[in-house]
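A short worksheet on the structure shown next.
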Amino acid sequence: PAGHALTAAMAKPAGGGPPPRPPAAPLRDAQASRRPLAGARAAMLFPLSKMSTSRLFQSGGVHSEPVIRRTWHAHAPGAGERKYEVHKLIIARKPFAEHMKLAKDRADDLNRQDSEFRRAHSEGLRDMGRKLDERSRQNKREWQRGIRDARLRQETGAADLAERLKEQQKTYQNARADMETRVRSMPKLCGEPPAQEAEARTRQREANFQAVKEGTKAYFTERKEVQQKLAKRPRSLSAGALSRDTEAIIDDRKAAGLAQLRDTYREYEGKLQEIHDRHHRRGGSERKQREG
């Protein structure tokens, strides 16, 4: 805008030379001032500032380095000389056209500097873009080359593996065939098998098994009949007094135990009732005392 150009032109040096860009020096100063701090933080394994719980709470757990911010200063190199030129025009009572000419010269100089800066900046961006494109193409070529090498290694490895497995299978089959041939040629482990018995011997052995089975069955049947016969005979007095039945003894002991449990329960219930009555009487007496 014309107002900004006029203000900048009023701060133009008397010599007319292009002044350096004001933001460059402050930005470099800010970066230089932060480098020692960054080096100190990198040297410390556990910085004390990051171990503070209050800082952790305030920063929300973000411990990254702060972003460098651009700092602008109102003072610019050559501002005093430009003020002197403006004051000379004012004291000499020069017409306003001289002031406008001075402002226009300063604005043209600043526009030229801005144009040069934009041109250099654009060229730097284009150079960076070319470098990035070239690096991207190189990475792509390396990636494709790696894929081709991996596929070639995979195919070669699969073929080698199949060949090795096939050779191993053949070796195993040959070794197994040799082993079977050698085993068949060797004599039997326990000698020749025994001679088979005659048919008459076989029938006799089976008949003996059947006779033992029948004799065992007849023995148990006879034993059962004898026990039944002895159970029906009267008991002799020489054997002593008859013992009580086990079930009757168990019933009597069970009845005695239940009776003891009932007595204990009644005694416990009476004790509880006595405690309740005593507590009730004491509560009634205390209530009467409070009311009286």
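Structure data summary
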{"item": "Which listed residue, of Asn174, Asn208, is out of contact with any Pro (no Cβ under 6 Å at 6 or more places or on another chain), open to solvent by 90 Å² or more (accessible area, probe 1.4 Å) and polar (S, T, N, Q)", "result": "Asn174"}
{"item": "Residue check for Arg244: out of contact with any helix residue (DSSP H, G or I) (no Cβ under 7 Å at 6 or more places or on another chain), basic (Lys, Arg) and surrounded by 10 or more Cβ atoms within 10 Å (Cβ to Cβ)", "result": "no"}
{"item": "Sole exception among (1) surrounded by fewer than 10 Cβ atoms within 10 Å (Cβ to Cβ); (2) assigned to a helix (DSSP H, G or I) for Pro187, by number", "result": "(2)"}
{"item": "Residue count for region 82-111, restricted to those that are open to solvent by 100 Å² or more (accessible area, probe 1.4 Å) and in contact (Cβ under 8 Å) with a residue 60 or more places away in the chain", "result": "3"}
{"item": "Every residue from region 147-187 that is modelled with pLDDT of 90 or more and of a type in the set (Gly, Ala, Ser)", "result": "Ala175, Ala177"}
{"item": "Hey, Arg287 part of a helix (DSSP H, G or I), open to solvent by 100 Å² or more (accessible area, probe 1.4 Å), at pLDDT below 90 and of a type in the set (D, E, K, R) or not", "result": "yes"}
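The values are calculated or read from the model by the stated rules, or taken from the named source; none is laboratory data. Bear in mind that the values here come from a model prediction, so they are computed numbers and not experimental data. Positions of Cβ are generated from backbone atoms using ideal geometry, with glycine treated the same way; all protein chains shown enter the neighbour counts. Accessible surface areas use protein heavy atoms only, side chains included; no ligands, DNA or RNA. Shrake-Rupley method; radii C 1.70, N 1.55, O 1.52, S 1.80 Å.
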